[in-house]
Amino acid sequence: MYLDKMTGALEAVLFAAGEPVSVAELADLLQLEKPQVWELVSELKQSYEAESRGLMLRETAGCFQLVTKPVYYSTLLGLGRKKEVKLTNASLETLAIVAFKQPVTRAEMEAIRGVKVDGVLNTLLDLGLVAEAGRKKALGNPILYATTEKFLMVFGLNSLEELPPLETKPEDEAEAAQQVLQLDNTLESKGKLR
């Protein structure tokens, strides 16, 4: 009984540590003698080897670490790709402008927001929520920006038609900016933003 309890404590320590832990550290944490820790480590290692489990106990330079079994490597590849996207208010405003006015140039975004969008736009591009969508046939041929499929996935939309409608066509840029802020609040309150 005692051995089972201490094996569980050892497992908890190794899991929480996340990195290799020496036998001396384990003995200190578990308040055991080193030979007892070696016995627990041996027991835990045999337990992981005997059962079809996803973890194994790895010994590295006299330290021990809980790691996933190599056979599950391909299964775990997808885990690193799923990351929560957190956006600032400035990012949300700019993203809403792109979503409703796309394709749109950087200058058009800045005219609506009233501030530079360079940093925010670069963040949206890095996150893959916005992408270049060609060039506008105008003086200087500025780059046009549009939302991506990832944008739809992040916000749980099947298509852009599912975006909430703008209440009215804005009379001026200030009114458009106000509607963008209202849209941000609407999306956030409906739980579409994370």
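The values are calculated or read from the model by the stated rules, or taken from the named source; none is laboratory data. No experiment lies behind these values; they were computed from the predicted model shown. Glycine gets a Cβ as well: all are built from the backbone with ideal geometry, and neighbour counts include every protein chain shown. With ligands, DNA and RNA removed, areas are computed over all heavy atoms of the protein, side chains included. Shrake-Rupley method; radii C 1.70, N 1.55, O 1.52, S 1.80 Å.
Numbers for the structure displayed
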| item | result |
| --- | --- |
| Per residue solvent-accessible surface (Å²) - the range 20-116, probe of 1.4 Å | 62 Å² |
| Largest-first ordering by accessible area, 1.4 Å probe, given options Thr148, Thr68 | Thr68, Thr148 |
| Label point distance in nm, Asp4-Gln31, each placed 7 Å from Cα along Cα→Cβ | 2.2 nm |
| Kirkwood-based Rg to Rh ratio, the range 33-77, C-alpha trace | 1.04 |
| The range 99-170 - convex hull of the alpha-carbon atoms, volume per residue in Å³ | 111 Å³ |
| Residues Ser52 and Glu19, FRET efficiency given R0 of 22 Å [Cβ-Cβ distance, rounded to 0.05] | 0.30 |
| Local electrostatic count, Thr105, Cβ distance below 12 Å [Lys/Arg +1, Asp/Glu -1] | +2 |
| For Met153, solvent-accessible area (1.4 Å; no DNA, RNA or ligand), Å² | 140 Å² |
| Nitroxide proxy distance, nm - points 7 Å out along Cα→Cβ at Asn122 and Lys136 | 2.2 nm |
| Listed residue (Pro35, Thr75, Leu55) projecting farthest to the positive dipole end of the range 1-81, Cβ model | Thr75 |
| Total lysine pairs under 29 Å (Cα atoms) in the range 1-110, excluding pairs fewer than 8 apart on one chain | 11 |
